[in-house]
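Quick notes on the structure that follows.
Only the coordinates and a few stated rules stand behind these numbers; no lab work does. Model, not experiment: these values are computed from the prediction.
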Amino acid sequence: MTLREMDDHVTYLQQLQDDDGPVVLINQFNVAPSDVDRFLKAWADDAAFMKQQPGFISTQLHHGTAGSTTFVNVAVWESARGLGRAFGSPEFQARAARYPDSTTAAPHVFKKVAVPGICVA
């Protein structure tokens, strides 16, 4: 799997050092059409592991429509550091190595933004 940064100014690893409350991990994956089934099996294994980690709240995988081979994982964690501990664990790193070689991942950590009359933080 190849990792790609979403932000040119802040890396995913820098974000995992932050610890100021609940965060949302958005991870975009692109995979070759022939590797979709292998990708889904690897992601399910990752998700089962992450569900057991301290600070994990929830996750949902989304699949692009119309034959797309783009996936987006949306995961909620109590903190970026909790996510970072799980991400950096040897167990998770071994699971990450099981993704098809065609997989590109772009993880980034977000916080909710309050916009009056539209959404709450």
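Computed per residue of the chain from DSSP H runs no shorter than four, each worth -39500 (n - 2.57), the mean residue ellipticity at 222 nm is -8500 deg cm²/dmol. Listed by chain and number, the aspartates and glutamates whose C-alpha is less than 17 Å from the C-alpha of LYS41, apart from same-chain residues fewer than 8 away, are GLU91, ASP101.
Which shape class, rounded, prolate or oblate, goes with the range 2-110 when its Cα gyration tensor gives a ≥ b ≥ c as root eigenvalues, a/c under 1.5 marks rounded, and past that a/b bigger than b/c marks prolate? It comes out prolate by the Cα gyration axes.
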